[in-house]
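Got a structure for you, written out below as structure tokens; questions coming shortly.
Derivation of every value follows stated rules applied to the coordinates shown; laboratory data play no part. Because the structure is predicted, anything quoted here is derived from the model rather than measured. Methodologically, a virtual Cβ is constructed for each residue, glycine included, from the backbone with ideal geometry; neighbour enumeration extends over all protein chains shown.
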């Protein structure tokens, strides 16, 4: 049985390498739709992929959150990215693999992945 | 329709989050002697009136205004009833809600329990301010993961940091597999846990 004693070692390691979280205005928000429609379409691995990739790259200016159904159930899993310049990008039919690319291209390099956006998919 | 029960649980827990719960308890209990497994989601959120409780199992009832259907609770209910099991819901305004689905897990229409660890990690990762208790029991064996205990160890460090989420996921996976190997079960196929 794994016990909380192992967590103490993780805590001590985290304390030594603490990342200062940036809660300033230049924050990017990633919001994953986690209503019945989103979950049924595969939102859980998409959310996990965003969280892992953001942590792996140490992106202190990115927060990952969840929301309910925004009414476009046929395009789930849906992910919205809000950037500090006030723009919103809506990614549709997301997968864990696509999430990695959105983190790398959009969140890190500032280039939205046009082919995954609702404008490209909804034709 | 969900592909595994852990996704139903993730969905049902969203209702607890929307009800403003500060503590959500998710319990899975397997009773090998009866061939039953129960899943309970319990919260201390705003609760519902008897009228709302009566309507919540209706797929064409929802509190949402963006669409006219609410399938979360009906799916959960159906997943249990199609195995010959039962579903119940109890709620008191101001106190909270308890949903229980009880399954005959040897039934051909039993869905796999699925990755409960991934469900719990998802819940904790985007709701660090809410406390979650996850317990898995099999026969007389049981283990519990309580984020209040995790937070006490962390001494203020974020519970939804990647390292801690990794620990929570591993703890649930390992301990659940070990609990499910309880001797009285050995003659029986283990539950499909992933």
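Given only helices, namely DSSP H runs of n ≥ 4 each adding -39500 (n - 2.57), what is the per-residue ellipticity at 222 nm of the protein assembly as shown, to the nearest 500 deg cm²/dmol?
Result for the protein assembly as shown, helices only: -10500 deg cm²/dmol.
With each pseudo-label sitting 7 Å past Cα toward Cβ, what's the residue A:72-residue B:181 distance in nm, one decimal?
4.7 nm
Turning to a different aspect of this structure: Below 8 Å, C-alpha to C-alpha, sequence gap of six or more: please give me the relative contact order for the range A:21-121 in percent.
Once normalised by length, the contact order is 32 percent.
Give me the percent of DSSP beta bridges within the range B:5-184 that run antiparallel, rounded to the nearest 5.
80 percent
Would you calculate the separation in nanometres between label points at residue B:31 and residue A:16, each defined as 7 Å from the Cα along the Cα-to-beta-carbon direction?
5.0 nm
Provide B:131, B:109, B:11 in ascending order of the number of other Cβ atoms located within 10 Å of each residue's Cβ, fewest first.
B:109, B:131, B:11
Rounded to the nearest 5, what % of the DSSP beta bridges within chain A are antiparallel ones? Kindly include the intermediate steps, with their values, before the conclusion.
Values: 9 of 15 bridges.
Expressed as a percentage, antiparallel bridges in chain A total about 60.
Then there is this: Normalising by the residue count of chain B, find the relative contact order in percent from Cα pairs under 8 Å and 6+ residues apart.
Details: 356 pairs, mean separation 46.0, N = 194.
Value for chain B: 24 percent.
Separate question: When the chain is fully extended, how far beyond the present Cα-Cα distance does residue A:57 get from residue A:111, taking 0.36 nm per residue of separation?
17.8 nm
What nm distance separates the two modelled labels at residue B:46 and residue B:152, each placed 7 Å from Cα along Cα→Cβ?
Taking the simple label geometry, residue B:46 and residue B:152 are separated by 3.2 nm.
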